[in-house]
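What follows is calculated from the coordinates using simple rules that are stated; it is not laboratory data. No experiment lies behind these values; they were computed from the predicted model shown. Glycine also receives a Cβ, built like all others from the backbone with ideal geometry; neighbour counts cover every protein chain displayed.
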Amino acid sequence: MKTVILCGGLGTRLREETDFRPKPMVEIGSRPILWHIMKGYTHYGFHEFVLCLGYKGDVIRDYFYNYELRNSDGTVTLGSRNIEFHNRHTESGWRITLAETGERTLTGGRLKRAAQYLEGEQFMVTYGDGVADLDIKALLAYHKGQGKLGTVTAVHPSSRFGELFIENGLVQVFREKPQVHEGWINGGFFVFQRNVLDLISGDDESLEQGLLEKLASMKELAVYQHQGFWQCMDTYREMELLNELWRSGKAPWAVWR
């Protein structure tokens, strides 16, 4: 089953980093957030990806075209094209289609443009800027059980502020920027039946205000409620938060560790 990752947005709210690279290539630790997302899917047995490129897509192309060189020891024979790799990285077996979907195309339009690379009755979709400790196999099983055209993962967002638990005029517990326990938002991990692609009109349609709204109005959008960790990387503060979690060795999304 293919996983489509939407990688073409401008990332305007993270301009400190995205002036010279697309947001999916902004790093957590020494790896792009895109790598972290793909590692999560691979952990659950999904190794085939379609990356929908747009803004600064060549940065993503260069990263994967040169992945073996970046991540393996090797011997180069000058005067020939021969390169001998001596060790294998853990991403061996990833099959990645790099699909140009236009710099200004909206998210739904990107999905429509990638249709030619999707086979089978179902496919998965996610954004290139969010991580979670989501069980992808459980999400897929839930989608199949619901019998709907699409399933969206709902998550609890993180609070921008510290949370206080107060009793008798004293703070009993303080938690800095926790995930809230009430309210659900689109977590960006989807499963769709292939025929939803016929519902997307073209480049100017977003996934959120187009396809998802249509499916909801048709009563064809199931929801999988994820109670665990989820965090997007829209701002510099969120980038720093994810890097701090990674450095601490307590990154909840790193289920492959």
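Tell me which of Leu242, Val223, Thr90 sits at the most positive position along the dipole axis of segment 2-247, charges placed on C-beta atoms (Lys, Arg +1; Asp, Glu -1).
In segment 2-247, that residue is Thr90.
Among 102-109, 10-17, what's the highest-first ranking by average C-beta atoms within 10 angstrom per residue?
Values: 102-109: 20.1, 10-17: 14.5.
Ranking, from highest mean packing down: 102-109, 10-17.
Based on the mean of other beta carbon atoms within 10 Å per residue, what is the order of 147-155, 125-133, most packed first? Write down the numbers at each step before the final one.
Working: 147-155: 20.8, 125-133: 23.0.
Ranking, from highest mean packing down: 125-133, 147-155.
Under a point-charge model restricted to the Cβ atoms of Lys and Arg (+1) and Asp and Glu (-1), what is the dipole moment magnitude of segment 2-247 relative to its Cα centre, in debye to the nearest 20?
Values: 28 positive and 33 negative charges, 77 e Å.
Value, rounded to 20: 360 debye.
Once phi is turned into θ = phi - 60°, what whole-Hz ³J(HN,Hα) does the Karplus curve with 6.51, -1.76 and 1.60 give for every residue of segment 221-235, x standing for Gly and Pro?
Karplus-based 3J(HN,Hα) across segment 221-235 equals 10, 7, 10, 9, 8, 9, 8, x, 6, 7, 7, 8, 10, 8, 10 Hz.
Show me the chymotrypsin sites (Phe, Trp or Tyr not before Pro) within segment 227-257 that DSSP assigns to loop and that have at most 15 other Cβ atoms within 10 Å of their Cβ. Working shown, then result.
Numbers: sites: Phe229, Trp230, Tyr236, Trp246, Trp253, Trp256; in loops: Phe229, Trp253, Trp256.
Here the sparse-neighbourhood loop sites are Trp256.
Excluding residues on the same chain fewer than 8 positions from Lys250, give the aspartates and glutamates whose Cα lies under 18 Å from its Cα.
Result set, ordered by chain and number: Glu27, Asp133, Asp135, Glu176, Glu238, Glu240.
Say the cut-off is 29 Å between C-alpha atoms; which of Lys2/Lys56; Lys23/Lys148; Lys39/Lys214; Lys56/Lys144; Lys23/Lys112; Lys56/Lys137 go over it? Working shown, then result.
On the way: Lys2/Lys56 23 Å; Lys23/Lys148 31 Å; Lys39/Lys214 31 Å; Lys56/Lys144 36 Å; Lys23/Lys112 21 Å; Lys56/Lys137 32 Å.
Over 29 Å Cα-Cα: Lys23/Lys148; Lys39/Lys214; Lys56/Lys144; Lys56/Lys137.
Which loop-located trypsin sites (Lys or Arg not before Pro) does segment 208-247 contain, where loop means any DSSP state but H, G, I, E or B and the Cβ has at most 12 other Cβ atoms within 10 Å? Working shown, then result.
Numbers: sites: Lys214, Lys219, Arg237, Arg247; in loops: Lys219.
In loop regions of segment 208-247 (DSSP not H, G, I, E or B), the sparsely surrounded trypsin sites (Lys or Arg not before Pro) are Lys219.
Taking the Cα centre of each part, how many Å lie between segment 183-237 and segment 30-74?
23
Hand me the trypsin sites (Lys or Arg not before Pro) from segment 56-99 located in a DSSP loop with no more than 16 other Cβ atoms within 10 Å, in residue order please. The partial results should precede the final answer.
On the way: sites: Lys56, Arg61, Arg70, Arg81, Arg88, Arg95; in loops: Lys56, Arg81, Arg88.
Hits after loop and neighbour filter: Arg81, Arg88.
Expressed as cubic angstrom per residue, what is the convex hull volume of the alpha carbon set of segment 2-247?
On the way: hull volume 39.5 nm³, N = 246.
Hull volume normalised by residue count: 161 Å³.
For Phe189, what residues show an amide H to amide H distance below 5 Å, using hydrogens built from the backbone and excluding near sequence neighbours?
Placed amide hydrogens put Thr153 under 5 Å from Phe189.
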